[in-house]
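> Structure provided below as structure tokens; questions to follow.
Each value in this text was obtained by applying a stated rule to the coordinates, not by laboratory testing. Remember, it's a predicted structure, so these values are computed and weren't measured experimentally. Virtual Cβ from ideal backbone geometry, glycine too; neighbours counted across all protein chains shown.
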Ligand SMILES: [Zn+2]
């Protein structure tokens, strides 16, 4: 029995977790050998899982979760930047509007 690429994509997570029966695992191995598409997909998926797992496995009891703190700080920093940029944009817009208004009323005189 040969599995389709769609089915393969559904079970790669299980494959990666070693949660498949030997028979299914062999079929996945076979498919990966033959299908470059799925090989690329599986490599990419494994890379994502590994990086996610790496974050999830940061010890939380023995030491503070610096990555989460760093992430929060980064998020706050980005939020600050967005607010600052918005404020700058608003101030610039106000300046332009005031200047335009002043120029317009000067032209009228
Ligand atoms: Zn495939």
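> Specify the angular offset, from 0 to 90 degrees and rounded to the nearest 10, of the alpha carbon long axis of helix 5-16 from the longest principal axis of the alpha carbons in the chain.
With rounding to tens, the tilt is 80 degrees.
> D for segment 61-109, whole µm²/s, Stokes-Einstein with Kirkwood Rh over alpha-carbon pairs at 37 °C and 0.692 mPa s: what number?
234
> Hey, another quick one. So if each residue of separation counts as 0.36 nm, and I subtract the Cα-Cα distance between residue 72 and residue 10, what length gain in nm does that give?
19.1 nm
> Between helix 36-56 and the chain, what is the angle of the helix's C-alpha long axis to the longest principal axis, kept within 0 to 90° and rounded to the nearest 10?
The angle comes out near 70 degrees.
> When ranked by the protection proxy of mean other Cβ atoms within 10 Å per residue, highest first, what sequence do the peptides 30-37, 17-24 form?
The packing order, highest mean first, is 30-37, 17-24.
> Once the mean 1/r over all distinct Cα pairs of segment 1-57 is inverted, what Kirkwood radius in angstroms do you read off?
Averaging 1/r across every pair of different Cα atoms and inverting gives 11.7 Å.
> How far, in degrees from 0 to 90, does helix 66-108 lean away from the longest principal axis of the Cα atoms of the chain, to the nearest 10?
30
> Report P(r) for the chain: all Cα-Cα distances, bin width 5 Å, range 0 to the bin holding the largest distance, values in whole percent.
Per 5 Å bin, starting at zero, the Cα-Cα P(r) for the chain comes out as 2, 9, 12, 10, 7, 7, 7, 8, 7, 6, 5, 5, 4, 4, 3, 2, 1, 0 percent.
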